[in-house]
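K.L.:
Dropping a structure here in structure tokens format, bear with me for questions.
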Amino acid sequence: MSFDSLGLSAALLRAVAAQGYAEPTPIQARVIPHVLEGRDVLAGAQTGTGKTAGFTLPMLERLSRAAPCGKRRIRALILTPTRELAAQVHASVQTYGKHLPLKSAVIFGGVGPHPQIVALRNGLDILVATPGRLLDHAQAGHADLSHVEIFVLDEADRMLDMGFLPAIRRVIALLPRERQSLLFSATFPEDIRALSDKLLRTPVRVEVAPPNATADRIEQLVHYAEKSEKRGVLSWLIGKGNWRQVLVFTRTKHGANRLAEQLENDGHTSAAIHGNKSQGARTKALADFKQGGVRVLVATDIAARGLDIDQLPHVVNYDLPDVPEYYVHRIGRTGRAGREGLAVSLVSKDERPALQAIERLLGARIPHAPLTGYVPRPGGDAPPRRESRQPQPNRQPQGADAHRQRNRHGGRRRANAGRRAS
């Protein structure tokens, strides 16, 4: 099948060809015709399968077929869980719609609202947004959602994982009842099924991979390593394999910062990205990583579903995620666009139950590989030896404490001498 056979206009086909694509991916081939027919769609696909173009292309086609006269109103709304994903989806809208007379904008938190207000006031056809900032603009009267014709809920399972369900319901309440709705999700837990029942009307269900399955092109490995050894193991793996681009996931923001600093000290250019970083810092770190200026990007789960890096070869779970489904999202960053990828998990003894939960979710055991050739560094990942030369609590006290202690000892010696003299 080719894109020519899907019913897209010449303007869209030209934009697709300019990106070097000749044949649609399975999710695109199955979703695009249903969206063009105006059907609601419940779609399941792993990241990296081309799902963004799966809803962007037919959405642009439908909007361009009936461009309204007068002031532009928001006719299509795409809701995403993270700033990074919102920016990437908007980039796709601009890329594929560059030959169409449609205007779009993206709004998310972490940046000043004024340019977003200006874009909304000037009128637009397509809005890509995160829930929180969208509701802020809607409550302030800047964003009118009453004319939305197509609503896309992207990464729906991630939305619920991040606690956005109340915000999603508030957004849906602002939309017209008569609309086309598309829900995309990598996994289908019960709460996603419940949400789809309320959001979609007699939807067409499309799945190109079993729920919670991982991409076929991703090689998965487990290395057993205690927490004190993980940093040394990771640094050794990067150097031994000459990995030039590695995305590493940690459980906490502090852990991401600390690991990035340690790897930098080991000679691997590194940066951290997480929710406490400003949008500017996150954007710069991601750009440096994509361009090769940063070798290792250390991230929390906020990046698991928001990073679009087509050629990422290596993903490392430095800490296993608390939620098994997050494992699928994390490793889905590699093995994309027909390329192979490697996902490595460093598992300590106390993480064995989490590993078993992930394997139950996948329905398969993840292969364990020995760390052949690795020599643990003395003291594991303890602080450098020079820190051990600092004054210790049991050593001689210094300063005022020493002066007080000498006075006490001197007083005892004088008292004892007096008793002996008497």
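The values are calculated or read from the model by the stated rules, or taken from the named source; none is laboratory data. Being a predicted model, the structure only gives us computed values, none of them experimental. Methodologically, a virtual Cβ is constructed for each residue, glycine included, from the backbone with ideal geometry; neighbour enumeration extends over all protein chains shown.
K.L.:
Mind checking which pairs have a first residue in region 19-30 that is surrounded by 10 or more Cβ atoms within 10 Å (Cβ to Cβ) and a second that is charged (D, E, K, R), Cβ under 7 Å, 6 or more apart or different chains?
P.N.:
27/51
K.L.:
Also, quick follow-up: Filter region 106-135 down to the residues that are surrounded by fewer than 21 Cβ atoms within 10 Å (Cβ to Cβ) and among the small types (Gly, Ala, Ser) and list them by number.
P.N.:
Across region 106-135, the qualifying residues are 109, 110, 112, 119, 123, 132.
K.L.:
Condition check: part of a loop (DSSP other than H, G, I, E, B) and touching a residue at least 40 places away in the same chain (Cβ under 8 Å). Does residue 188 satisfy that?
P.N.:
yes
K.L.:
Oh, and also: Applying the selection to region 88-112, what residues are within 14 Å of the chain's Cα centre (by Cα) and either at pLDDT 90 or above or farther than 23 Å from residue 277 by Cβ (or both)?
P.N.:
89
K.L.:
Further question: Considering only region 224-322, give the strands (runs of 3 or more DSSP E) lying wholly within it that have at least 3 residues that are of a type outside the set (Val, Ile, Thr).
P.N.:
Hits in region 224-322: 270-273.
K.L.:
Considering 371, 342, 361, which residue is among the hydrophobic types (A, V, I, L, M, F, W, C), modelled with pLDDT of 90 or more and either assigned by TED's automatic domain parsing to the domain that holds residue 51 or not in a loop (DSSP other than H, G, I, E, B) (or both)?
P.N.:
342 is the lone residue from the list that is among the hydrophobic types (A, V, I, L, M, F, W, C), modelled with pLDDT of 90 or more and either assigned by TED's automatic domain parsing to the domain that holds residue 51 or not in a loop (DSSP other than H, G, I, E, B) (or both).
K.L.:
Return only the number of the condition from (1) surrounded by fewer than 20 Cβ atoms within 10 Å (Cβ to Cβ); (2) more than 22 Å from residue 55 (Cβ to Cβ) that residue 225 does not satisfy.
P.N.:
(1)
K.L.:
Would it be correct to say that residue 92 is outside the structural domain of residue 325 (by TED's automatic domain parsing), part of a helix (DSSP H, G or I) and closer than 30 Å to residue 188 by Cβ?
P.N.:
yes
K.L.:
While we're looking at this one, here's another question. Residue check: is residue 66 closer than 17 Å to residue 150 by Cα, buried (at least 22 other Cβ atoms within 10 Å of the Cβ) and either of a type in the set (A, V, I, L, M) or touching a residue at least 60 places away in the same chain (Cβ under 8 Å) (or both)?
P.N.:
no
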